[in-house]
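This report concerns only the one structure given below.
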Amino acid sequence: MRTTAVWADQVRDDLKLGLCIHDIAFKPDGSQLLIAAGNRVLVYDPKDGSLIRSLKAHKDTVYCVDFSKDGKRFASGSADKCVIIWTDKLSGILKYTHNDAIQCIAYNPVTPQLISCSSGDFGLWGPEQKSVNKHKINSRITCCSWTNDGQYVAMGMYNGIISIRTKLGEEKIKIERPGGSLSPIWNLKWCPKKDESTDSLAVIDWGQHLSFYQLNGKQIGKDTKLNYDPCAIQFFDEGKYLLVGGSNGLSSLHSREGSTLGVITESKAGWVWAIACKPDSNDVVVGHQDGTISCHNVTFSTVHGLYRDIYTYRDKLTNVIVQQLNTTVSDQDSEDDNLSKTTIKCHDLVKKISVYKDKLAVQLPDRIVIYQRASNETSTTYKPVNKIFKQFECNLLVVCSENFILCQESNLTCFSMDGQKQREWFLEANIRYIKVIGGPAGREGLLLGLKNGQVLQIFVDNPFPIEMLKVSGSIRCLDLSMSRSKVAIIINDNSTCLVYDLTTKELLYEELNANSVSWNTQNEDMLCYSGKGFLGIKAGSFPTHQRRLNGFVVGYCGSRIYCLHVHAMKSVEVPQSAPMYQYLDRQMYSQAYQIACLGVTDTDWDNLAQKALEGLNFDIARKAFTRTRDLRYLELIQSIEDRQRRGENDTDLFLADINAYRSQFSEAARLYKKSGNSQKAVDMYTDLRMFELAKDYVESSNPTKHKQLIAKQASWAQNTNEPREAAKMYLAAGESMKAIQIIGENGWTDMLIDVARKLDKADREPLTLCAKHLKRLQQYVYCAEIYNKMGDRKAHIQLLVDTNNWDEAFALLERYPEFKDDVYVPYAQWLAENDRFEEAQKAFHKAGKVTEALRVLEQLTDNAVMESRFNDAGYYYWMISKQSLDIANSQPGQKDEMLDKFRKYQKLAEIYYVYHSIQRYTDEPFTSHLPEALFNIARFLLHSITGNEPPKGVSKVATLYALAKQSRSLGAYKLARFAYEKLHSLKLSLRFQDLIDLGSITIRSKPFHDNEDLQPMCYRCSTTNPLLNAQGSTCINCKQPFIYSFSSFEVLPLVEFTLDDGISDEEAYRLIDTAGSKSRTSNETWNNETTQTLRMDQDEDDDPFTARLLTFEGGSEYVPVVVNRPVLRSLSRRDVLVRRWPKPLRYQFFKNLMPEVAVAMCDSCFQMFHADDYELMVLQKHCCPFCRKNSDMNDEKIDF
């Protein structure tokens, strides 16, 4: 550590007496220095100590000054009880007062907040405040300091108490020190280092102690006794050290633990009352009692040691850092490098360091400590093994395995590890350089350079120095080569590096502008030296290669150069490319390989390998290619060596192969031809697709090789995106399949047709490939032409089927009926896919594929149900039922099975047709149905699924929910309550849960009965039926099934009757038709457009059908109405509706008991409707709503 005076001044009053310097403060950018002296604030230029201005605004002594964090303001506090805020332009802008003299002030390091402390209170001021917030305190405040984050402020009291408060003034921690009022706190400072996890507070008191505390009030370590009254304290070098000044007139440097490290300034100017450190600088300004102001620059010398890649250096003056340099190429301050560092805390000033192998010697002021390295899998530590408690005066310290050596001027003293003096050497001149050069333990050799130019070698166990060489001039640095056959010496006088051969004492060469030198520890002929900002690397006798590098070279290992720059050691990775190329230029491949092993780039390795291969030095080439992992060249070398072992020694052929691998094809071809291997040149150019060049080397007497070359050229043309040329070449070569494949893939239709027409019909494989591509290109006419040329009728028909050209397919089928299945089956499938089910059915029948017809419809039906298209599902089931009925008629063996399926599918068709309305009501916001219609639909659906599992997709919850809602709105409260109760027994979805719970509760407020107007009446026995019947849609009395209108689902006034034995359906139909004509004739004579008649004398016996309505006995079985021929003759045709089912079913006859209610029946599905509803629905949809049979109302009048 060295201190240099920069400038000094003394502040005097009008009587020329010195004024005490009470406080000093730097502007944050270091451009101004504030001095509190007398009743003035002095502003200095810190560069040269010149006075810029003297500010006199206070009426009494100024005790304190401080700058704000941004440097735009500063404040001063005085014994006149005033605080003045100044701008950086040195003009006052604000003043406020306290009740007592101002003792200290401090700006918040984060915000513009200012704390000012007096003898009885303290105040907090900010630019945005209209007034100063003051807080009373019971003791005199002597000092204050903010934490780094500006959240807390520490205040030292005259009674020995430290109060830590928030930025609002609230006390957080109160520290009561043991000395109490006998040890007044005179100054304190928070550590400015921001990268620490906890804040550290340094405190000095007039009990002559230096202490440290955490933010929580806990003391760090023990008090340090100072033996003088401290007055000023300041952190130095970004918080690494402490500066303390006081009554002894000194400003001392202390460690963060309180240890005294040295004296910064020493003066007879009296007590030190103020100390300030210039930001981002090592300048220290000290203020004394007699007004003396002095500025000093502090520099720290580098204390370090190096052994191979182990570098040790002093840190924070009290610590020793051991670093493994070979683990990183960055400097020692990088984060990654911290992993390779070991810190040894000595808690005292480290004066000298030396390291050798596993030993480390550290000289402290009163002792030398020897450390031993201990390593494990995870870390490396150094443990003290010896301590020699004695003060040693020395210039250099060297440690060996069993000794340590001290150098003082021209004397060299050897001690054992326990401090016993063993040997001493007295030399002719002062020692300028000393280095341990290795050797057995206890017999190590030392290399010494003296001021008189002597180079000596001393062995620890030998009292006699050995003179190796002597040069003219003072030696500054020297080093031995790896084999100790050469020595490099730096002469201090002219900064020249001299390299000598120790055997012959001959000067080999010299280099200028060198201040340090080091031999490579892994190569005998390489050294490096540094000087004037450059690094020189020299290999053998070749010229030096230079590059920019700041610092001093201290080591050279492989490709790493260890360089000391200022206080930092850097490990620099230097590629050894330049010396390697110097050896390559002289074809010294072995030496070049040794240089490359030290560290070069991959490109350099590749160049070395190529040069060695070119020189046919296969051993070096193999090693270099192995390093670059180039398997191609390794295989080439192996091949050439195998050929050499077999007796080949044609150098031109070897070089040709090497040039071919290097892509130097022209030279390779020339060498091939020169060695008599022209075919290899042809093969090479062929593989490279250089066919024109290959033709130059083909022998003209061999036409076969010409054809092979052309074939390869065609293949290359195909691969290089020239397919047209490739196709032409393949056609010329007779390879039609390859040509057709290329033409087809590129879609050249004209070329493809031309090729097909030129082919013979016996070439079925090429023709088939042509047809395939034409079909893909949608050239169906030409494709058919090829099939006709080949005579392949089946393929022709398949083409027509694939293109849906059914007319031509059926025309061709008439000539070749054996392909019936190949046409009808796909035709039927196509019809089914296009919703032409009746035609599809006929097509399946013609193909004999009845089962397939049903399967298609069943699949369509399942899809409709899965997609919630229930209306379509009902239509598809009706189609399936018709199909089942047709099968039952055409195949008597399956009659019973198909009739069962007919009834099953008919019922499913009705259920899905009805459920379509329920689903739309529950899932969509609007519906076109009236409440009565939805009510009847829900009742009908519930009757249909009661007692059975609902069909797939039909929700019983949705049905009951719709029934409950409509029952409530129509007054059927009993039915609504029943529906809600049923819903609670089912698993409900979330969207229904709340609605059903609410409806279940509100329905209980309604009467427990149903609206009688809603109850259906049986038109056969006139019995009023309940809204829900456990027996289904039948009368509870006569068991007569209800007939519903498939629009509103009201019960129609229809009664089904059956025929007496012996009466066929056709006869009954004729009898009714005859009766209808007679009835119309008789009625026409009595009725006209203007007359209305009412007959009171008509009896039931006059209507034989009415008499038969009551032919039931009230049992549990349904007894139908049976009519004979007389009854049939009595029926009116317009009152009877007949479902004329195809065979094998019988007709169904229904009597309309209320002729004034017009009932319409679809002649396709035989479903009944109210005539008005049916007519409206047909007008809307142009078809029957159930079976979707087309109907044109303009051309065809519906028969009601």
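The values are calculated or read from the model by the stated rules, or taken from the named source; none is laboratory data. Quantities reported herein were computed from a predicted structural model and do not represent experimental measurements. Cβ coordinates were reconstructed from backbone atoms using ideal geometry, including for glycine residues, and neighbour counts include every protein chain displayed. SASA here: full protein model, heavy atoms, side chains in, ligands and nucleic acids out. Shrake-Rupley method; radii C 1.70, N 1.55, O 1.52, S 1.80 Å.
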Exercise for the section: Filter region 1-16 down to residues that are more than 60 Å from the chain's Cα centre (by Cα), open to solvent by 80 Å² or more (accessible area, probe 1.4 Å) and in contact (Cβ under 8 Å) with a residue 24 or more places away in the chain, then give me how many there are. Expected result: 1
Problem - Residue in region 680-690 that is without any contact (Cβ under 8 Å) to a residue 12 or more places away in the chain and assigned to a helix (DSSP H, G or I) present - result: yes
Practice task
Could you list, in sequence order, all residues of region 175-192 that are more than 50 Å from the chain's Cα centre (by Cα) and in contact (Cβ under 8 Å) with a residue 24 or more places away in the chain?
Solution key: I175, R177, G179, L182, S183, P184, I185, W186, N187
Practice task
Only residues in region 952-975 that are of a type in the set (K, R) count as the first member; pair them with residues that are modelled with pLDDT under 90 and assigned to a helix (DSSP H, G or I), Cβ under 6 angstrom, at least 6 apart or cross-chain, and list the lot.
Solution key: K952/V865; R968/A976
Exercise for the section: Please determine, by comparing only the residues of region 186-205 that are in contact with a Ser or Thr (Cβ under 6 Å, 6 or more places away or on another chain) and in a loop (DSSP other than H, G, I, E, B), which one is modelled with the lowest pLDDT. Expected result: D199
Practice task
For region 377-446, please list each of the strands (runs of 3 or more DSSP E) lying entirely inside it that holds at least 2 residues being among the β-branched types (V, I, T).
Solution key: 380-388, 396-399, 431-438
Practice task
Identify the residue in region 735-773 that is aliphatic (A, V, I, L, M) and in contact with a Gly (Cβ under 8 Å, 6 or more places away or on another chain) and, among all such residues, is surrounded by the fewest Cβ atoms within 10 Å (Cβ to Cβ).
Solution key: L769
Completion exercise
Exception for L508 within (1) more than 21 Å from Q591 (Cβ to Cβ); (2) modelled with pLDDT of 90 or more falls at (1)
Exercise for the section: Look at F426 and say whether it is out of contact with any Lys or Arg (no Cβ under 6 Å at 6 or more places or on another chain), more than 20 Å from K352 (Cα to Cα) and of a type in the set (F, W, Y). Expected result: yes
Handout entry: Filtered residues of region 561-609 (kept if open to solvent by 30 Å² or more (accessible area, probe 1.4 Å), within 22 Å of Y633 (Cα to Cα) and within 47 Å of the chain's Cα centre (by Cα))
Key = Y581, Y593, Q594, C597, T601, D602, T603, D606, N607
Fill in the blank from the handout: Flagged pairs (Cβ under 6 angstrom, 6 or more apart or on separate chains; first in region 271-298, under 20 Å from L51 (Cβ atoms); second aliphatic (A, V, I, L, M) and part of a loop (DSSP other than H, G, I, E, B)) are H288/A269; D290/A269; G291/V11; G291/L19; T292/A269
Completion exercise
Among residues of region 1036-1073 being open to solvent by 10 Å² or more (accessible area, probe 1.4 Å) and among the polar types (S, T, N, Q), the residue farthest from the chain's Cα centre (by Cα) is S1064
Exercise for the section: Hey, could you check region 152-175 for residues that are out of contact with any Lys or Arg (no Cβ under 6 Å at 6 or more places or on another chain) and part of a loop (DSSP other than H, G, I, E, B) and say which is surrounded by the fewest Cβ atoms within 10 Å (Cβ to Cβ)? Expected result: E170
Handout entry: Neighbours by Cβ (under 8 Å, 6+ apart or cross-chain): first from region 450-462, touching a residue at least 12 places away in the same chain (Cβ under 8 Å); second surrounded by fewer than 19 Cβ atoms within 10 Å (Cβ to Cβ) and of a type in the set (S, T, Y)
Key = L450/S410; K451/S474; N452/S474; G453/S472; G453/S474
Practice task
Tell me, yes or no, whether region 626-640 has at least one residue that is assigned to a loop (DSSP other than H, G, I, E, B) and buried (at least 16 other Cβ atoms within 10 Å of the Cβ).
Solution key: yes
Practice task
Determine which single condition N492 fails, assuming it passes every other condition in (1) open to solvent by less than 70 Å² (accessible area, probe 1.4 Å); (2) at pLDDT 90 or above.
Solution key: (2)
Problem - Search result, residues across region 921-944 that are crowded, with 18+ Cβ neighbours inside 10 Å, without any contact (Cβ under 8 Å) to a residue 40 or more places away in the chain and either assigned to a helix (DSSP H, G or I) or in contact with a strand residue (DSSP E or B) (Cβ under 7 Å, 6 or more places away or on another chain) (or both) - result: L934, A938, L941
Handout entry: Pairs with Cβ under 8 Å, 6+ apart, first in region 32-43 and over 17 Å from T292 (Cβ atoms) and open to solvent by less than 10 Å² (accessible area, probe 1.4 Å), second among the basic types (K, R) and in a strand (DSSP E or B)
Key = V43/R53
Fill in the blank from the handout: Every listed condition ((1) assigned to a strand (DSSP E or B); (2) closer than 20 Å to N452 by Cα) holds for S472 save (1)
Exercise for the section: Kindly indicate whether any position in region 455-476 is under 60 Å from the mean Cα position of the chain (by Cα) and surrounded by 13 or more Cβ atoms within 10 Å (Cβ to Cβ). Expected result: yes
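Residue-wise test of (1) in contact with a Leu (Cβ under 7 Å, 6 or more places away or on another chain); (2) among the aliphatic types (A, V, I, L, M).
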{"residue": "E377", "(1), (2)": "no, no"}
{"residue": "T381", "(1), (2)": "no, no"}
{"residue": "N395", "(1), (2)": "no, no"}
{"residue": "N411", "(1), (2)": "no, no"}
{"residue": "W425", "(1), (2)": "yes, no"}
{"residue": "A429", "(1), (2)": "yes, yes"}
{"residue": "R432", "(1), (2)": "yes, no"}
{"residue": "P440", "(1), (2)": "no, no"}
Problem - Subset of region 287-311 (residues that are part of a strand (DSSP E or B) and either in contact with a Ser or Thr (Cβ under 8 Å, 6 or more places away or on another chain) or open to solvent by 30 Å² or more (accessible area, probe 1.4 Å) (or both)) - result: H288, T292, S294, H296, N297, V298, T299, H304, G305, L306, Y307
Exercise for the section: Inspect region 808-822 for any residue being assigned to a loop (DSSP other than H, G, I, E, B) and modelled with pLDDT under 75 and give the result as yes or no. Expected result: no
Practice task
Provide a single number: the residues in region 104-128 that are among the β-branched types (V, I, T) and either under 14 Å from A25 (Cβ atoms) or assigned to a strand (DSSP E or B) (or both).
Solution key: 2
Exercise for the section: Search region 1044-1064 for residues that are of a type in the set (D, E, K, R) and pair each with any residue that is open to solvent by less than 10 Å² (accessible area, probe 1.4 Å) when their beta-carbon atoms are under 8 Å apart and the residues are at least 6 apart or on different chains. Expected result: E1056/Q1040; E1056/V1121; E1056/F1149; E1056/F1150; D1060/V1123
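To keep it simple, each residue is scored yes or no on (1) aromatic (F, W, Y); (2) farther than 28 Å from V856 by Cα; (3) in a helix (DSSP H, G or I); (4) under 53 Å from the mean Cα position of the chain (by Cα).
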residue	(1), (2), (3), (4)
H773	no, yes, yes, yes
Q778	no, yes, no, yes
K794	no, no, yes, no
Y824	yes, no, yes, no
Handout entry: Criterion: of a type in the set (S, T, N, Q), open to solvent by less than 60 Å² (accessible area, probe 1.4 Å) and modelled with pLDDT of 90 or more - qualifying residue of Q408, Q332, Q323, Q372
Key = Q372
